[in-house]
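The values are calculated or read from the model by the stated rules, or taken from the named source; none is laboratory data. Everything numeric here is computed off the predicted structure, so don't read it as measured data. FYI the Cβ positions are ideal-geometry reconstructions off the backbone, even for glycines, and counts take in every protein chain you see. Areas reflect the complete protein model, heavy atoms only, side chains present, ligands, DNA and RNA absent. Shrake-Rupley method; radii C 1.70, N 1.55, O 1.52, S 1.80 Å.
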Amino acid sequence: MTASEQDLRRVEAKIDAVSEQLAALVSSQQRTHSLYDEMAPIATQALGVGAERLHDLEQRGYFDFGREALHVVDKVIAGYTPEDVHELGDQVVRILGLVRRITQPDVLNLAEVTADAAQDAGQQDPPGVLGILKATQRDEEVRRGLMVVVSVLRQIGLAAHKSTSETSLATINPLLGGQRNLTRAPAAAPAPAPTQAPEPVAARQLAGVDITADGFIERSDDWTPAIGALMAETLGVSPLTDRHLKVIDFARSEYEQTGASPNIRRITSGSGVPTKELYALFPRAPAKTAAKIAGIPKPVGCI
Amino acid sequence: MNVPAPTPTRRVAIIVSKGGMDEVFPALIMANGARQSGIEAFLFFTFYGLDAIIDKKVDHLHVNMAGNPSAPMPTIVAGLPGMEAVAASMMKRKMAKLDIPTVREMLQILDDSGAQLYGCELAMKMFEVDPAELLPQVKDVITVGDFYDLSEGAQIIFT
């Protein structure tokens, strides 16, 4: 074998190898091609269906809805300050919890049933007073429903009471004024810390002793003769004479014995100070004024 | 002596025109309650209400049960003679038990507390009542016009 022959064989062998690879390449290319051929109509169809589906959605108002939703988002952004959003962030966990609870199947069922019932009731003639009364008396389910409503109302009442006691009226009134502010009410409510007490409470103190809203000393144990004298001065009953003190001592001892503040009749019959003098000693309401000075609760009763 | 901050004085004028014990008493209690709350009180006794300020009659006011749907007995029983006296004595006993003063005492308390009691001049003429027959707590016998003048600005309660 000559050298040139050997070279030629080597070249042939290489070509063979390459041609094998080429064949594989070509066949793979063919497979891809046929796949494409097969896929193309399907893809076209799919695209068509997609477009149709989108068109359908458009027809059904989804995009209008989306556009409107965008407006809403715009309004929300314009209407809320960064602080609002920050406060909202603090509440997100609670809100999510609320959403989760609302979307429980039970609750949704209840809502559905309620809506159905409301629709049904709307189609019926309204019952008379007697009909309602009968329903509340005879129908056990109605009674149960009433009980549920009552307990819900009670919870709402409790919550409202709590939130008003946490904030002074002064902060709530402006909140009720504008709708814009109303949205902040729940977040703003817990803001005033107990240390930053509402003004009326702060003003209701006399020498460090708590005074009730209608001017009586909160705890009768806080009372000292000095506090009594101070109270008398603020009520315009000063100086306290022996006759004043006689009434006050009697009122205190009566309260300690019976647990109730004496009314005017009890004071006159018990202390020996006659009605006329009592009215002179404590002008305006004598029993109430004496109770305020004596550091005992407001007397009750009509006589 | 300093006086508390001047607040507008409230006043009530109570006109007592009926003489049943159950009709006089509420009026007196309302007036007394007003005084206890620092409200000025004026009482004007007219028509049968005059009985409450006549010395001879004040301790014998009766309670009429006949025709009273709240009476604890049927009207036919309540209408029997003497029934109103029985009812009155029952009511008096109950009130004594609760330490509620009698009408006479109540009028004294009212006078002491600064309430003002007046008799109606016209009614006194009609029923031929002499001013000397009235209780000492009655301040004066006056006309309606006088009473309105005296009690100017008062809220009026008519019983």
Expressed as a whole number, the average count of other chain Cβ atoms within 10 Å around the Cβ atoms of B:38-50 is 1
If one compares the long axis through the Cα atoms of helix B:21-36 with the longest principal axis of the Cα atoms of chain B, the angle in degrees, nearest 10, works out at 20 degrees
Note: A:Arg101 to A:His86 extended length (0.36 nm per residue) minus current alpha-carbon separation gives 3.0 nm
Taking a crude spin-label model, label points 7 Å out from Cα along the C-beta direction, the A:Gln29 to A:Glu12 distance in nm is 2.7 nm
Fraction of alpha-carbon pairs in the range B:1-149 farther than 28 Å apart, rounded to whole percent, equals 26 percent
Put A:Ile95, B:Ile53, B:Ile76 in order of accessible area, largest first, probe 1.4 Å, and you get B:Ile76, A:Ile95, B:Ile53
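Taking Rh as the Kirkwood radius computed over C-alpha pairs, what is the Stokes-Einstein D of the range A:28-72 at 10 °C in a medium of viscosity 1.306 mPa s, expressed in µm² per second? Provide the component values of the computation, followed by the final result.
Working: Rh = 12.8 Å.
Calculated translational D: 124 µm²/s.
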Taking only Cα atoms of the protein assembly as shown, the Rg to Rh ratio with Kirkwood Rh works out at 1.38
Check: C-alpha center the range A:1-72 vs C-alpha center the range B:32-96, spacing in Å is 110 Å
In the protein assembly as shown the DSSP beta bridges are antiparallel at a rate, in percent to nearest 5, of 20 percent
In this structure, the FRET efficiency calculated for A:Asp249 and A:Gln155 from their beta-carbon separation, with R0 = 56 Å, to the nearest 0.05, is 0.75
Loop-resident trypsin sites (Lys or Arg not before Pro) in the range B:1-101 with no more than 13 other Cβ atoms inside 10 Å, DSSP not H/G/I/E/B, are B:Lys56
Most fluctuating of B:Met83, B:Met21, B:Met106 in the GNM of chain B (C-alpha, under 10 Å) is B:Met83
Amide H neighbours of B:Ile14 at under 5 Å, excluding residues fewer than 5 places away on the same chain, with H built from the backbone geometry, are B:Phe42, B:Leu43, B:Phe44, B:Ile157
In order over the range B:94-102: 3J(HN,Hα) from phi, Karplus 6.51/-1.76/1.60, θ = phi - 60°, whole Hz, x for each Gly or Pro, gives 4, 5, 5, 4, 8, 6, 8, x, 6
Sorted by chain and then number, the residues having a modelled amide H within less than 5 Å of the amide H of B:Val141, at least 5 places away or on another chain, are B:Gly119
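Let's test the formula: R0 of 25 Å, r as the Cβ-Cβ distance of B:Arg93 and B:Glu133. What FRET efficiency results, to the nearest 0.05?
0.35
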Rounded to the nearest 500, the 222 nm mean residue ellipticity computed for the protein assembly as shown from DSSP H runs (n ≥ 4, each -39500 (n - 2.57)) alone is -19500 deg cm²/dmol
Most packed first (mean Cβ within 10 Å per residue), the peptides A:293-299, A:69-75 order as A:293-299, A:69-75
Given all pairs of distinct Cα atoms, the range A:1-130 yields a Kirkwood Rh in Å of 24.1 Å
Karplus ³J(HN,Hα) for the range A:98-115 (6.51 cos²θ - 1.76 cosθ + 1.60, θ = phi - 60°; Hz, whole; x = Gly/Pro) runs 5, 4, 4, 5, 5, 8, 4, x, 4, 5, 4, 4, 4, 4, 4, 4, 4, 4
Note, the range A:284-295: 3J(HN,Hα) by Karplus (6.51, -1.76, 1.60, θ = phi - 60°), whole Hz, Gly/Pro = x, goes 6, 5, x, 5, 5, 5, 4, 5, 4, 5, 7, x
Ratio for the range B:120-159, C-alpha Rg to 2.2 N^0.38 Å, reads 1.29
Expected integer from the mean partner chain Cβ neighbour count at 10 Å over B:18-30 is 0
